[in-house]
Amino acid sequence: MQKEIIIAGFGGQGVLFGGQVLAYAAMDTGKDVTWIPSYGPEMRGGTANCTVVIADHEIGSPLVKNPPLAIALNLPSFDKYEPMLASGGTLIVNQSMVDHSAQRSDIHTIFVPCNEIAEEIGDKKLMNMVAIGAMLTALPEIKIEDVEKALEAHLPARHKHLLPKNYEALKRGFEHAQKEWDKVPCEQVQNGTLFEELCLNEPGHGLHSSLSPIL
Amino acid sequence: MIPENAVCVRPEGFTETPTHYCPGCTHGVAHRLVAEVLQEMNVLDKTIGVAPVGCSVFAYNYFDTDFVEAPHGRAPAMATGIKRVLPDRIVFTYQGDGDLASIGMGEIVHAAARGENLTVIFVNNANFGMTGGQMAPTTLPGMKTTSSQNGRDVETQGYPIKMAEMLATLDGVGFCARRSLHDAKNIRLAKKAIRLAFETQARGLGFAMVELLSTCPTNWGMTPVNSLKFVEEHMVPAYPLGDYKISEAIKQIKI
Amino acid sequence: MPKELWKGNEAIAEAAVRAGLEAYFGYPITPQTEILEYLSRRMPELGRAFVQAESELGAINMVYGAACTGVRVMSSSSSPGVSLMMEGISYIAGTEVPAVLVNVMRGGPGLGNIAPAQADYNQAVHGGGHGDYQPIVLAPASVQEAIDLMVLSFDLAEKYRSVCMMILDGCVGQMMEPAQMPEMRPVHRENWDWATNGKMGKRERRILSSIYIEPAEEEKMNLRLLNRWQTIQANEVRYKEYFLDDAEIVIVGFGTAGRVALSAVREARAEGIKVGLLRPVTVSPFPSEVIEQLAGRVDAFLVTEMNSGQMLEDVRLAVKGRVPVEFYGRLGGMVPFPDEILNEIHRMAKSKMAVNANPRDAWLARMATA
Ligand SMILES: Cc1ncc(C[n+]2csc(CCOP(=O)(O)OP(=O)(O)O)c2C)c(N)n1
Ligand code: SF4
Ligand SMILES: [Mg+2]
């Protein structure tokens, strides 16, 4: 088993932490895992992304060209990662921050209003957890309880009081996505080359931003 | 054609490239002042800039003059090389405090001591901005940075270096001043000093440097407005503004 | 000790602390600044020495000074900073004092960029500084390996009074992986018979220097280094093997290029292609012997690197022209994806390059038509 997940959004949306939570859950359930951020421009308020690879064997590449799973927390990430997803893959999109529908019909695109759900719970910062919860519907290797346990084990003590709300965010995201699954048709294309071609136009994957102003 | 009611226009010395600086960073102000001065002196055509390694590493994208990019701290040496073979050109370096006062201390001191006819724009923002806010030689005592996380402890991490005062002791220096970019009045004074620093070079009067107290809202973790206040309230007292060396000939110049 | 999720750079810093690091000297540079930042907090907390030097030139000479006193000392940097350290490294080698360095390599030459690269292989392995010396060079591919090799670095540096440099790329430095830290070793000052730590009323004075004005003496010193190097070569080669037992094609790659190749090897194996991977862990001393042995029983090698084929030359030397050695590289801070290497495996499974063809030329020609 090996699953790759890319999580992308604006710096400050909790992209990197979201990925770390998944990584902790994977580690605590005995899997091998890598987490790698795009390093460089995000500190200047640009976009950030991280790649998480989960496997039950020693992981080779920590980077992936066509991930089967991705979370796009904002519009630029939606536009960037939708073409890159492996055919048959699942893309969780933060509906609160995008203004158009899915372009591809060979992947499952699940729209989740992460901001609104997080605000209903009472903390808009939790929208990354809403998205992670939604992602778990496509990642049976990791259960919602695994993520809850990981949060409990690794969240710094001063943030422990936030645990119940984090749990709720995970659950609400999961439930919302589950409902969406029934709605999304997906014409699986066996051969994903069409989209690989699109990807070739990309200047590079996460680690190669055209401007990385921290030389 | 510039419309009559234009309040602000792009100086000719700028390209149309938008800068990559963080919102509220005064690197952009410093850039603009240099571009305006070069335009007003009508020397854009014969100017060669030397960019540092620091947040202003991409300065060459913004000034509409020839430009080279130096290794970290070595801009004054590269500038010396250029100026010595092309003495009729205007050559300037634009350097941060990490670049000039840390790794490049040797180069700047010797360029000044040799009296190289260069203009140095020195942007002091009290940290290493580009690499994420580590301590610089200019970091104020007690100031928190990512490599002085409990505040700069002068016992183990040394005292701030006052570059303008230090270089003013060297005989090769024709003009050496410190200004601040924290408000409109000071920005106007900074521009005058930058003009004098380029006039010094144009007249062959030796090494000229303007130290500019500048902000780094991103790494200081402050809003742009608060970081301007920080400059006024904390940087200016630690780094007094003024002319530290001004040769007689320069004093005569009326701008 | 349980596994924790560690970021490569911070893991390296903590591992060094636990190995008994007494002094760190460094200068910020991406993508290794977390090592310096972590130690700026951790070292004073433990009452140990930390200095952010004025430059890498300052840092390496602070390391030189501290190393002469016989304590465990290190610095870390990334490519441009390591270039600045080369003079000091040569002096340290010439003085025969132990010092540990870390280079988290990035795209170059020059200022380049901050993306992961392996283009400093030659600088690290084949000298870099002036004069005749060989440093020990370790190349971790994972966070756990970086921790283990960090600890080993100090032991090797001391054992052989040598420079020990760990080279990794920005991927390993920035990546988080589950890893286990070693127990904290107490700081222990060995009573070295060479350290200049003051006579203290107990012994004759000692001098440490890299000057040998008489060439005959310098030659003796060079021979001493060389003899020591032969011992290192005989005892300290380390590598990891994957699927080599029945391999017909062997990939050789270190660090991140090696682990990316592992993904490709797994996929190729799933397709029934008999391919294996040899990942050098010490790139100096180089695992030439095992490569030479493999050359006797496999059909071909494929060297993958994030540079233009630097380790390639060491592999070719070991293979001695017996079977084709092909090459695939990405440059300037680009990291290969597994499918790029898989394509090469597919190609080689069908037809291999002639033994006497030039692998770099062949690779460039393929790139040009791709
Ligand atoms: C030899 C070398 N060492 C270190 C670096 C990393 N580095 C890039 S910019 C910088 C500091 C920049 O700080 P400063 O000069 O104050 O400029 P600012 O970004 O604050 O404007 C450092 C250490 C480098 N590029 N080259
Ligand atoms: S990091 Fe600081 S100095 Fe650099 S552009 Fe941002 S605010 Fe300006
Ligand atoms: Mg600075």
Collect the residues in the range B:124-144 that are of a type in the set (A, V, I, L, M), away from chain C (no Cβ under 12 Å) and either open to solvent by less than 10 Å² (accessible area, probe 1.4 Å) or near ligand 1 (Cβ under 9 Å from one of its atoms) (or both), keeping them in residue-number order. B:ALA126
Looking only at the range C:271-324, which residues are of a type in the set (Lys, Arg) and closer than 18 Å to C:ALA124 by Cβ? C:ARG279
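Per-residue answers, yes or no, for (1) surrounded by fewer than 24 Cβ atoms within 10 Å (Cβ to Cβ); (2) within 16 Å of ligand 2 (Cβ to nearest atom); (3) over 28 Å from C:GLU305 (Cβ atoms):
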site: C:ARG18; (1), (2), (3): yes, no, yes
site: C:GLU22; (1), (2), (3): yes, no, yes
site: C:ILE29; (1), (2), (3): no, yes, no
site: C:GLN32; (1), (2), (3): no, no, no
site: C:ALA66; (1), (2), (3): yes, no, yes
site: C:SER75; (1), (2), (3): no, no, no
site: C:PRO80; (1), (2), (3): yes, no, no
site: C:LEU84; (1), (2), (3): yes, no, no
site: C:GLU87; (1), (2), (3): yes, no, no
Identify all residues within the range B:63-95 that are over 18 Å from B:MET41 (Cβ atoms), of a type outside the set (S, T, N, Q) and within 16 Å of ligand 1 (Cβ to nearest atom); write none if there are none. B:VAL68, B:GLU69, B:ALA70, B:PRO71, B:HIS72, B:GLY73, B:ARG74, B:ALA75, B:PRO76, B:ALA77, B:MET78
Filtered residue count, the range B:45-92, keeping only those that are within 14 Å of another protein chain (Cβ to nearest Cβ), surrounded by fewer than 17 Cβ atoms within 10 Å (Cβ to Cβ) and free of Cβ contacts under 8 Å to residues at least 24 places away in the same chain: 1
Facing another protein chain (nearest Cβ under 10 Å) and in contact (Cβ under 8 Å) with a residue 24 or more places away in the chain: does that describe C:ALA99? no
Does B:PHE122 satisfy the criteria of being in a strand (DSSP E or B) and within 15 Å of ligand 2 (Cβ to nearest atom)? yes
C:MET43: passes all of (1) away from chain B (no Cβ under 14 Å); (2) assigned to a helix (DSSP H, G or I); (3) touching a strand residue (DSSP E or B) at 6+ places or on another chain (Cβ under 8 Å); (4) within 23 Å of C:GLU145 (Cα to Cα) but (1)
Please go through (1) under 21 Å from C:GLY173 (Cβ atoms); (2) open to solvent by 10 Å² or more (accessible area, probe 1.4 Å); (3) free of Cβ contacts under 8 Å to residues at least 40 places away in the same chain for C:LEU57 and return the number of the only condition it doesn't satisfy. (1)
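For every residue, the table says whether it meets (1) touching an Asp or Glu at 6+ places or on another chain (Cβ under 6 Å); (2) within 14 Å of chain C (Cβ to nearest Cβ); (3) open to solvent by less than 10 Å² (accessible area, probe 1.4 Å).
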position: A:MET27; (1), (2), (3): no, yes, no
position: A:VAL33; (1), (2), (3): no, yes, yes
position: A:ALA70; (1), (2), (3): no, no, yes
position: A:GLY88; (1), (2), (3): no, no, no
position: A:ASP106; (1), (2), (3): yes, no, yes
What number of residues in the range C:149-199 are in contact (Cβ under 8 Å) with a residue 40 or more places away in the chain and within 26 Å of A:PRO62 (Cβ to Cβ)? 23
Among the residues of the range C:324-339, count how many are at negative phi and either polar (S, T, N, Q) or within 9 Å of chain A (Cβ to nearest Cβ) (or both). 6
Taking the range B:12-37 and keeping residues farther than 25 Å from B:GLY104 by Cα and open to solvent by less than 10 Å² (accessible area, probe 1.4 Å) leaves B:GLY13, B:VAL37
Pull out all pairs, ordered by first then second residue, where Cβ-Cβ is under 7 Å, the residues are six or more apart or on different chains, the first lies in the range B:146-170 and is open to solvent by less than 80 Å² (accessible area, probe 1.4 Å), and the second is part of a loop (DSSP other than H, G, I, E, B) and among the aliphatic types (A, V, I, L, M). B:GLY151/B:MET143; B:ARG152/B:LEU140; B:ARG152/B:MET143; B:PRO160/B:LEU140
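The values are calculated or read from the model by the stated rules, or taken from the named source; none is laboratory data. Keep in mind that what you see is a predicted model, and the values were worked out from it rather than measured. Every residue, glycine among them, receives a Cβ derived from its backbone with ideal geometry; neighbour counts consider all protein chains shown. Note: areas computed on protein heavy atoms with side chains; ligands, DNA, RNA excluded. Shrake-Rupley method; radii C 1.70, N 1.55, O 1.52, S 1.80 Å.
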